[in-house]
1. Among the numbered criteria (1) within 29 Å of GLY53 (Cα to Cα); (2) assigned to a strand (DSSP E or B), which single criterion is violated by ASN123?
2. Kindly indicate whether SER233 is modelled with pLDDT under 95, surrounded by 18 or more Cβ atoms within 10 Å (Cβ to Cβ) and outside any loop (DSSP other than H, G, I, E, B).
3. Test SER205 against the stated conditions and say whether it is assigned to a loop (DSSP other than H, G, I, E, B), among the small types (Gly, Ala, Ser), open to solvent by less than 70 Å² (accessible area, probe 1.4 Å) and closer than 28 Å to LYS229 by Cβ.
4. What are the residues in the stretch 60-106 that are in a strand (DSSP E or B), open to solvent by 30 Å² or more (accessible area, probe 1.4 Å) and under 30 Å from GLY144 (Cα atoms), if any?
5. Residue check: is VAL169 under 30 Å from GLU141 (Cα atoms) and open to solvent by 10 Å² or more (accessible area, probe 1.4 Å)?
6. Could you say which residue among LEU219, LEU226 is of a type in the set (A, V, I, L, M), open to solvent by less than 30 Å² (accessible area, probe 1.4 Å) and at pLDDT below 95?
7. Within the stretch 182-199, which residues are open to solvent by 20 Å² or more (accessible area, probe 1.4 Å), farther than 20 Å from GLN135 by Cα and at pLDDT 95 or above?
8. Give me the pairs: first residue in the stretch 29-45 and polar (S, T, N, Q) and at pLDDT 95 or above, second residue open to solvent by 30 Å² or more (accessible area, probe 1.4 Å) and not in a loop (DSSP other than H, G, I, E, B), beta-carbon distance under 6 Å, and six or more apart or on different chains, which are they?
Amino acid sequence: MHLLNHRMGCLMALLILGSPVLLAQEKGIGYDLKLRAASGLSTNDHLSSSAFGLGLNVRYGFEWGTLNGELGYFYKPGRQYLVGFNAPAAGMPAADPGYSVDSRKNSLNQLNARFSYERAINNTWSWQAGLQLGQSKFRHEYIGDVGDTGWATYEDTYNGTPTKSVFTVNPFAGVTYQINQDSAFELNLISISYTAIEFQHSPGSPIVSGSASVPGSHLVYAGDRLEEKKRNSLHIEIGYTFRF
């Protein structure tokens, strides 16, 4: 009886120790739900450093590794902020900060697809590298009430929520730790690119006709425009995977 218990104990130990090996060598098709959070190494355009995402992944394991294809969503919020005032239109007095305010808020989101190759390092760790493809959408909210002292000469009011969408291809690479057969932890370095827009207004400008089909031009002050800036920011990303 003692010998039988000893053998059963050895068998259980082998199964426990061997499960990561079986996981590392898993072949065939499988499915994952992935939850992610990221932090930017730099911040621009008054966006938060943090970002959040989720994805549905299909994986196919074979002898030399695993191929992953994922559909996902990514969101990066922004903070409310105030801006200064541009030089006034010709012949007009400057905007008075005591009678003027211009408030802004930006955000970024993306519907994307990820494609990656994953290869085991040992029984529990693996490395991965791939590309994230998607339409990055930058949203710019602004509202302003701008005038000279006592609004003696002019009072300009304007608001809008234009967006700028661009197709991006961003590389990423990282490591995965297999917690158990049903879950895993990821750590990635990913590049996130987008095109930011910023509304520009010259206080005291005359009102002119505009076109609602052109972003920003329906705010019919002469010279109103949207400036564009291309951005690229590295993010450290952590993720938790539910395996099915």
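The values are calculated or read from the model by the stated rules, or taken from the named source; none is laboratory data. In this text, all values refer to a predicted model and were calculated from it rather than measured experimentally. Methodologically, a virtual Cβ is constructed for each residue, glycine included, from the backbone with ideal geometry; neighbour enumeration extends over all protein chains shown. With ligands, DNA and RNA removed, areas are computed over all heavy atoms of the protein, side chains included. Shrake-Rupley method; radii C 1.70, N 1.55, O 1.52, S 1.80 Å.
1. For ASN123, the exception is condition (2).
2. Working: modelled with pLDDT under 95: yes; surrounded by 18 or more Cβ atoms within 10 Å (Cβ to Cβ): yes; outside any loop (DSSP other than H, G, I, E, B): yes.
Answer is yes for this residue.
3. yes
4. Selection gives TYR75, LEU82, VAL101, LYS105.
5. On the way: under 30 Å from GLU141 (Cα atoms): yes; open to solvent by 10 Å² or more (accessible area, probe 1.4 Å): yes.
Yes; evaluated as a whole, the condition is true for this residue.
6. Numbers: LEU226 fails: open to solvent by less than 30 Å² (accessible area, probe 1.4 Å).
Being of a type in the set (A, V, I, L, M), open to solvent by less than 30 Å² (accessible area, probe 1.4 Å) and at pLDDT below 95 holds for just one of LEU219, LEU226, which is LEU219.
7. Of everything in the stretch 182-199, those that are open to solvent by 20 Å² or more (accessible area, probe 1.4 Å), farther than 20 Å from GLN135 by Cα and at pLDDT 95 or above turn out to be PHE185, LEU187.
8. Every condition considered, the pairs that remain are SER39/SER50; SER39/ILE236.
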